[in-house]
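These notes concern the structure reproduced below.
Computed from the coordinates by the stated procedures, all read-outs in this text should not be read as laboratory data. These figures come from a predicted structure and were not determined experimentally. When we count neighbours, we look across all protein chains shown, and the Cβ atoms used for this are built from the backbone with ideal geometry, even at glycine.
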Amino acid sequence: MDREFWEQRYSDQQTGWDIGSVSTPVKAYTDQLMDKNLNILIPGCGYGHEAKYLHEQGFTNVYVLDFAEQALAAFRELCPGFPADHILQEDFFTHSGSYDLIIEQTLFCAIDREMRDAYVEQVHRLLKPGGKLVGLLFDCEFNPGPPYGGTREEYEKRFSAQFEELKIENCYNSIPQREGRELFIRLQKEA
């Protein structure tokens, strides 16, 4: 899966992962954040509803990353006041930066299972000491993918080697279409 694959998905309007707004669990989590200057990355942002919401709430250091130009073009239209230099058309696995918070919305489930350990390592690299990975992972299987599902046990095994604190819980406030099939994660890098 590469840039062309995802560009084609956007061209064909095969964007079933897009719920059209900020996800309820991510909104609930970010609503309790007091520091509007946190460096936040949303990788595989798609249309960037979470970034738009954070921008509207006054967060000043939000970065969106996707390698699909069509997704980022749509985000620019959706949120015209968003800083242009915070919109990154890059491959997540080659991105460099330093973040307090990385929001996982639909990137992990979109990558091939063989890349999941590389994802964990990259998130760990990008987070500052004490930084957090927060968001949603599917708690079910999809065949074929993408999306690729998974289980709490798999996630605990993959993330426990890199993260000091793991909180993986059944998501109580999923959208109706995903109810009972999502886990909310809060993973903290060692300080």
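I need to check one value: relative contact order of the chain, counting alpha carbon pairs closer than 8 Å and at least 6 residues apart, in percent.
Values: 346 pairs, mean separation 36.7, N = 191.
RCO, the chain: 19 percent.
If the viscosity is 1.306 mPa s and the temperature 10 °C, what Stokes-Einstein diffusion coefficient in µm²/s follows for the chain when Rh is the Kirkwood radius over Cα pairs? All intermediate terms of the calculation are to be shown ahead of the outcome.
Values: Rh = 16.7 Å.
Taking Rh from Cα pairs, D becomes 95 µm²/s.
With springs only between Cα atoms under 10 Å apart, run a GNM on the chain and tell me which of GLY81, GLY48, GLY130 wobbles the most.
GLY81
Mind checking the log10 I(q)/I(0) for the range 49-139 at q = 0.20, 0.22, 0.23 Å⁻¹? Debye, one equal scatterer per Cα, no solvent, two decimals.
Log10 of I(q)/I(0), two decimals: -1.10, -1.31, -1.41.
If you average the sequence gap of Cα pairs under 8 Å that are 6 or more apart and divide by the length of the range 45-131, what percent do you get for the contact order?
Details: 82 pairs, mean separation 24.3, N = 87.
This gives 28 percent for the range 45-131.
For Cα pairs less than 8 Å apart in space and 6+ apart in sequence, what is the mean separation divided by the residue count of the range 79-173, i.e. the relative contact order in percent?
On the way: 91 pairs, mean separation 26.0, N = 95.
With pairs under 8 Å counted, the relative contact order is 27 percent.
Kindly state, to the nearest 0.05, the FRET efficiency for ASN37 paired with ALA191, given R0 = 22 Å and r defined as their beta-carbon distance. List each step's numbers first, then the result.
Details: r = 19 Å, r/R0 = 0.85.
It comes out at approximately 0.75.
List the lysines whose Cα lies under 21 Å from the Cα of LYS128, skipping any in the same chain that are fewer than 8 positions away.
Within the straight-line limit of under 21 Å, LYS128 reaches these lysines: LYS36, LYS167, LYS189.
Subtract the Cα-Cα distance of ARG125 and GLU56 from 0.36 nm times their separation in residues, and report this length gain in nm to one decimal. Walk me through the intermediate numbers first.
Details: separation 69, 0.36 × 69 = 24.84 nm, distance 2.82 nm.
In short, 22.0 nm is gained.
GLN89 versus ALA161, label points 7 Å from Cα toward the beta carbon: distance in nm?
My value for the distance between the label points is 3.5 nm.
Looking at the square roots a ≥ b ≥ c of the eigenvalues of the Cα gyration tensor of the range 112-191, which shape do they give, rounded for a/c under 1.5, prolate if a/b is larger than b/c, or oblate?
Details: a/c = 2.26, a/b = 1.41, b/c = 1.60.
The shape class here is oblate.
I'm a student and want to see the number: the projected area of the Cα convex hull of the range 1-42, averaged over all directions, in nm². Write out the running numbers ahead of the final one.
Values: hull surface 17.6 nm².
Averaged projected hull area, Cα only: 4.4 nm².
Picking from ALA68, ALA51, ALA118, which is most flexible by a Gaussian network model of the chain using Cα springs under 10 Å?
ALA118
Mind giving me the nanometre distance, one decimal, between the label points for TYR172 and ASP2, set 7 Å out from Cα along Cα→Cβ?
Reported label-point gap for TYR172 and ASP2 is 4.6 nm.
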